[in-house]
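The values are calculated or read from the model by the stated rules, or taken from the named source; none is laboratory data. On a predicted model such as this, the values are computed, not experimentally measured, just so you know. As a convention, Cβ positions derive from the backbone with ideal geometry for all residues, glycine included, and neighbour counts pool all protein chains shown.
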Amino acid sequence: MKKTNFLKEMSWKAFVERKDKTNLAIIPAGAFEVYGPHLPLGSDTLVAVKIAELVAERVNSIIGPTLEVGDSSMLDDFPGTITIRPESFKSYLVDTVDSLKKWGFKDFLFINNHVGNVPVINQIAFDHRENNELRFAQIDYWRFLKTLDKGIVESGELAHGHASEAGTSVLLYLYPEIVEFEKSVNEPAKFIEQFPEIIQYQKYGIYSESGTIGNAKLGTKEKGEQLVKRSVDKIVQFLYESWNIEEKKHELQQSL
């Protein structure tokens with residue numbers, strides 16, 4: 001039987017054996033929303049799960065439940081968008097963390113690919129600040145990639161637009177079989193905020209007709225591979241150097 005890092009794939013006895021070796025739970029979080037005409041609605045969730053898996057292959061950790069859907073109400077003018085109210089998302093997340101705490105987890109790393117989930121995850125972490133036995137960290141993945149893209153992307157800041165060069169590249173590397181690259185577009189934002197320093201609450205459709213902002217046509221599998229490898233290396237470095245999480249002596253080797 002293939003060794004797994006996913007809690008959902010373990011028997012309870014296998015879990016007890018694995019849990020004895022780690023206090024780290026990795027929790028993927030994503031969304032179901034438009035991600036251009038060429039990428040699946042679940043892109044955020046799919047990438048979060050795969051990055052969690054790649055990190056878990058290199059450190060002693062267990063991957064907890066995936067939070068598949070977040071608050072995507074801003075994008076619900078596009079067909080297929082599923083949205084969870086923030087209060088519902090927070091309640092579900094609190095129960096998830098409490099369950100993992102019950103079984104002895106003390107370190108919680110969120111691999112989060114949806115910006116709408118960021119403040120809710122922050123709230124959960126802040127609520128635990130007085131407990132010195134617990135540690136929380138969040139990787140806001142698409143924003144995290146901006147710090148690691150030197151020499152890789154070609155379109156500057158717009159490379160990290162919605163479903164643009166960076167996102168398309170990552171999906172081409174991780175899930176090439178579900179990318180319809182021939183449908184990718186180059187679409188700059190059709191609406192520019194005159195007062196970007198003021199938070200406003202517009203529907204996403206005013207910015208993009210396709211769900212893409214930027215040039216997705218510049219996406220390549222090779223760029224995605226570089227971005228993914230840099231990001232995983234950086235996350236593992238954090239866990240090893242900041243949290244002292246032990247790296248596995250024998251890494252699992254799985255082809256993407």
Of the listed residues (GLN226, GLN254, GLN194), the one being under 30 Å from ARG135 (Cα atoms), of a type outside the set (A, V, I, L, M) and modelled with pLDDT under 90 is GLN254
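One line per residue, one yes/no per condition, for (1) closer than 17 Å to TYR175 by Cβ; (2) at pLDDT below 95; (3) in contact with a His (Cβ under 6 Å, 6 or more places away or on another chain):
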| site | (1), (2), (3) |
| --- | --- |
| LYS13 | no, no, no |
| GLY30 | yes, no, yes |
| PRO37 | yes, no, no |
| VAL59 | no, no, no |
| ILE63 | no, no, no |
| SER73 | no, yes, no |
Yes or no: segment 211-228 includes at least one residue that is in a loop (DSSP other than H, G, I, E, B) and more than 21 Å from ALA31 (Cβ to Cβ). yes
Within segment 9-24, of all residues that are among the acidic types (Asp, Glu) and part of a helix (DSSP H, G or I), the one nearest to GLU133 (Cα to Cα) is GLU17
Taking segment 38-61 and the residues there that are surrounded by fewer than 23 Cβ atoms within 10 Å (Cβ to Cβ) and in contact with a Leu (Cβ under 6 Å, 6 or more places away or on another chain), the one that is nearest to GLU177 (Cα to Cα) would be LYS50
Q: Report whether or not LEU134 is over 21 Å from ASN60 (Cα atoms) and not small (Gly, Ala, Ser).
A: no
**Prompt:** Is it the case that segment 83-94 has a residue that's in a strand (DSSP E or B) and farther than 22 Å from LYS229 by Cα?
**Reply:** no
The residue that is surrounded by the most Cβ atoms within 10 Å (Cβ to Cβ), considering only those in segment 1-37 that are in contact (Cβ under 8 Å) with a residue 60 or more places away in the chain, within 17 Å of PHE105 (Cβ to Cβ) and of a type in the set (A, V, I, L, M), is ALA29
Exercise. Do the conditions hold for GLY214, that is, is it in contact (Cβ under 8 Å) with a residue 12 or more places away in the chain, in contact with a helix residue (DSSP H, G or I) (Cβ under 9 Å, 6 or more places away or on another chain), on the phi > 0 side of the Ramachandran plot and buried (at least 18 other Cβ atoms within 10 Å of the Cβ)?
Worked result: yes
When every residue in segment 151-191 that is assigned to a loop (DSSP other than H, G, I, E, B) and modelled with pLDDT under 95 is compared, the one farthest from LYS223 (Cα to Cα) is PHE191
TODO: Would you check if there is a residue in segment 233-246 being within 29 Å of ASP76 (Cβ to Cβ) and at pLDDT 95 or above?
DONE: no
Across segment 111-143, the tally of residues that are of a type in the set (Phe, Trp, Tyr), part of a helix (DSSP H, G or I) and over 10 Å from the mean Cα position of the chain (by Cα) stands at 1
Condition set among the β-branched types (Val, Ile, Thr) and within 17 Å of the chain's Cα centre (by Cα), scope segment 1-38, selection nearest to MET74 (Cα to Cα): answer is VAL34
Listed by first then second residue, the pairs whose first member lies in segment 131-144 and is within 14 Å of LYS234 (Cα to Cα), whose partner is aromatic (Phe, Trp, Tyr) and in a strand (DSSP E or B), with beta carbons under 6 Å and at least 6 positions apart or on separate chains, are GLN138/PHE110
